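Colleague: Sharing a structure, written as structure tokens. Questions coming.
The values are calculated or read from the model by the stated rules, or taken from the named source; none is laboratory data. Predicted model only: the values in this text are computed from it and were never measured. Here the Cβ positions follow ideal geometry from the backbone for every residue, glycine too, while neighbour counts run over all protein chains shown.
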Amino acid sequence: MELFSQVATRPVYNTRAVVLRTGVPADTFRAWERRHGLPAPARTEGNHRLYSDRDVATISWLRDQTLTGVTIRQAIALLKSREAWYPASDATVSGPSPIRANPDHSAILGPRLARFCIGMVAALVAYDSRAASHLLDEAFAFAPFENVCLQVLQAGLYEIGDRWQRGEVLVSGEHFATSFVARKLGAFLSSSRPKLGRGPILTTCLEGELHEVGMLMTSVFLSRRGYSVVYLGPNLPTDDLITTIQNIRPPMVLLSASTRESARKLARSSNEIKSACSALGSRPFVPEIGFGGRVFVEDPSLLREVDGIFCGRDVDHAVASIESVLDLTPPAAATKTGSA
Ligand code: B12
């Protein structure tokens with residue numbers, strides 16, 4: 001928590017940006033400010049609140065504490081008792097980062113986040129979820145949410161996967177680590193309350209695909225961006241997805257694949273979904289189908305097999321791609337593949 005002192009204090013975010021970054025309703029963190037003096041945003045000339053990265057880190061940390069059952073009064077007392085939270089120093093990291101992991105932040109925060117990642121991996125391979133949780137809390141207090149997801153959680157799972165392949169970590173160690181990360185992301189998804197009325201977007205991995213963490217992370221990023229996300233988990237039969245699409249009528253469905261086999265299954269299912277949806281009922285409804293996953297980055301030739309929208313090489317690029325597809329922002333990186 002002493003790391004709060006290293007988070008930038010330059011005021012850059014308006015209230016809406018803070019709601020999007022933290023998932024905490026404005027009324028809630030304004031009440032924290034009124035009653036307890038934290039966060040402590042600056043004011044513009046027009047007397048509007050303007051928040052810094054440190055304010056955002058503060059709100060995120062308070063949110064996480066309250067989610068684990070600590071009262072807000074206790075959490076604030078704990079925070080204030082750490083003298084390093086004060087004083088507000090000059091900005092060490094600057095520039096607005098409305099939702100994506102900021103590349104400037106990545107460059108500046110990289111080495112520190114790498115240390116969090118190494119620490120979290122060490123804790124997880126020792127089956128110590130308390131220590132891993134503690135380190136993760138500190139990382140979230142220190143750096144923007146998206147950077148921590150990519151540079152600590154994702155990087156940590158890749159590292160554990162590599163160690164498992166080299167025979168240095170047991171299958172049980174990999175399972176323990178993956179379920180730790182999935183639980184964390186699941187909790188963020190449940191606690192994020194998008195209010196912008198965007199979506200809904202259905203997210204899932206099709207039958208046979210058990211790697212769900214990438215899709216879960218994508219879902220969390222989208223939810224924090226204001227989309228209502230219906231996350232359907234891994235291993236979902238295509239027929240069932242088609243029925244769900246007809247029930248929910250989402251403008252977009254997102255699919256993830258991690259192996260070649262499931263990339264091919266995704267290609268077949270994408271066609272099935274489109275033809276079944278356009279033939280169904282009196283009011284046929286065909287959503288956009290977006291997809292992603294590391295296997296498409298490793299083997300781009302697979303892209304040609306899918307009639308859908310490749311949403312980018314990682315979850316960080318995905319949000320901009322998806323927004324451009326849904327016409328909510330100017331066109332970005334989405335690439336249309338396949339025959340349609
Ligand atoms: C954890 C794990 C498992 C777990 C998954 C549990 C779970 N609940 O998810 C279990 C044990 C089930 C598993 C099983 C298998 N696994 Co595995 N697994 C992994 C591991 C270690 C981590 C994956 C992970 O969660 N990464 C973290 C997330 C955040 O990253 P990500 O998945 O890459 O996703 C990111 C991007 O790709 C993107 N993204 C992902 N999906 C989407 C979707 C959209 C729409 C968008 C926009 C973006 C996007 O965003 C994410 C964040 O940036 C990887 C190792 C690795 N290096 O990736 C191997 C790995 C993926 N597994 C692999 C293999 C081979 C298997 C098995 C076949 C092993 C076996 N012989 O049984 C089975 C297949 C199971 C199945 N039927 O699906 C290979 C795949 C190689 C390949 N290209 O074919 C890998 C790469 C290991 C390796 N180096 O060989 N695995």
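Colleague: Give GLY199, GLY233, GLY208 a once-over and let me know the one that is on the phi > 0 side of the Ramachandran plot and away from the ligand (no atom under 11 Å from the Cβ).
Modeller: On the way: GLY233 fails: away from the ligand (no atom under 11 Å from the Cβ); GLY208 fails: away from the ligand (no atom under 11 Å from the Cβ).
Exactly one residue qualifies, and that residue is GLY199.
Colleague: Of the conditions (1) small (Gly, Ala, Ser); (2) at pLDDT below 95; (3) within 16 Å of the ligand (Cβ to nearest atom), ALA257 clears all except one; give me its number.
Modeller: Result: ALA257 passes all but (2).
Colleague: In addition: Would you say VAL213 is closer than 19 Å to SER324 by Cα and either at pLDDT 90 or above or touching a strand residue (DSSP E or B) at 6+ places or on another chain (Cβ under 9 Å) (or both)? Steps first, please.
Modeller: Numbers: closer than 19 Å to SER324 by Cα: no; either at pLDDT 90 or above or touching a strand residue (DSSP E or B) at 6+ places or on another chain (Cβ under 9 Å) (or both): yes.
No, not satisfied.
Colleague: Does the stretch 147-156 contain at least one residue that is free of Cβ contacts under 8 Å to residues at least 40 places away in the same chain and under 25 Å from VAL19 (Cβ atoms)?
Modeller: We begin by selecting, within the stretch 147-156, every residue free of Cβ contacts under 8 Å to residues at least 40 places away in the same chain; these are 148, 152, 156.
If we keep only those that are under 25 Å from VAL19 (Cβ atoms) as well, we get 148, 152.
Checked against the condition, which is being free of Cβ contacts under 8 Å to residues at least 40 places away in the same chain and under 25 Å from VAL19 (Cβ atoms), the stretch 147-156 yields at least one hit.
Colleague: Restricting attention to the stretch 200-213, and to residues there that are farther than 22 Å from PHE145 by Cα and of a type in the set (A, V, I, L, M, F, W, C), which single residue is surrounded by the most Cβ atoms within 10 Å (Cβ to Cβ)?
Modeller: Among those residues, the one meeting the criterion is CYS205.
Colleague: Can you name every residue in the stretch 282-296 that is assigned to a helix (DSSP H, G or I) and β-branched (Val, Ile, Thr)?
Modeller: Applying the first criterion (assigned to a helix (DSSP H, G or I)) to the stretch 282-296 yields 294-296.
Once the filter is applied, which keeps residues that are assigned to a helix (DSSP H, G or I) and β-branched (Val, Ile, Thr), the stretch 282-296 yields only VAL295.
Colleague: In the set LEU266, LEU210, which member is within 13 Å of GLY293 (Cβ to Cβ) and free of Cβ contacts under 8 Å to residues at least 40 places away in the same chain? Step through it out loud before you land on a result.
Modeller: Details: LEU266 fails: free of Cβ contacts under 8 Å to residues at least 40 places away in the same chain.
The match here is LEU210.
Colleague: Out of the helices (runs of 4 or more DSSP H) lying entirely within the stretch 72-152, which hold 2 or more residues that are at pLDDT 50 or above and closer than 22 Å to GLY37 by Cα?
Modeller: On the way: elements: 72-81, 103-125, 129-142, 145-148.
Output list reads 72-81, 129-142.
Colleague: Of the residues LEU135, LEU216, LEU170, LEU124, which single one is near the ligand (Cβ under 9 Å from one of its atoms) and either surrounded by 24 or more Cβ atoms within 10 Å (Cβ to Cβ) or without any contact (Cβ under 8 Å) to a residue 40 or more places away in the chain (or both)? Don't jump to the end; show me each part of the working.
Modeller: Working: LEU135 fails: near the ligand (Cβ under 9 Å from one of its atoms); LEU170 fails: near the ligand (Cβ under 9 Å from one of its atoms); LEU124 fails: near the ligand (Cβ under 9 Å from one of its atoms).
Going through LEU135, LEU216, LEU170, LEU124 in turn, the sole match is LEU216.
Colleague: May I pose another question? Could you say which residue among ARG193, ARG225 is modelled with pLDDT under 90, closer than 30 Å to VAL24 by Cα and surrounded by 15 or more Cβ atoms within 10 Å (Cβ to Cβ)?
Modeller: Details: ARG193 fails: surrounded by 15 or more Cβ atoms within 10 Å (Cβ to Cβ).
Testing whether each residue is modelled with pLDDT under 90, closer than 30 Å to VAL24 by Cα and surrounded by 15 or more Cβ atoms within 10 Å (Cβ to Cβ) leaves just ARG225.
Colleague: Restricting to the stretch 232-251, name every residue that is closer than 18 Å to LEU326 by Cα and touching a helix residue (DSSP H, G or I) at 6+ places or on another chain (Cβ under 7 Å). Steps first, answer last, please.
Modeller: Filtering the stretch 232-251 for residues closer than 18 Å to LEU326 by Cα gives 245, 248-251.
Hit for the stretch 232-251 is ILE245, nothing else.
Colleague: Next question, about the same structure. Can you tell me how many residues within the stretch 246-276 are surrounded by 20 or more Cβ atoms within 10 Å (Cβ to Cβ) and in a helix (DSSP H, G or I)?
Modeller: Here is the first cut: in the stretch 246-276, the ones surrounded by 20 or more Cβ atoms within 10 Å (Cβ to Cβ) are 250, 252-258, 262-263, 266-267, 269-270, 273.
Restricting the remaining residues to those that are in a helix (DSSP H, G or I) gives 262-263, 266-267, 269-270, 273.
Count: 7.
Colleague: Return the total of residues in the stretch 307-321 being more than 6 Å from the ligand (Cβ to nearest atom) and of a type outside the set (Lys, Arg).
Modeller: Filtering the stretch 307-321 down to residues more than 6 Å from the ligand (Cβ to nearest atom) leaves 307-310, 313, 316-317, 319-321.
Keeping just the survivors that are of a type outside the set (Lys, Arg) gives 307-310, 316-317, 319-321.
Qualifying residue count for the region: 9.
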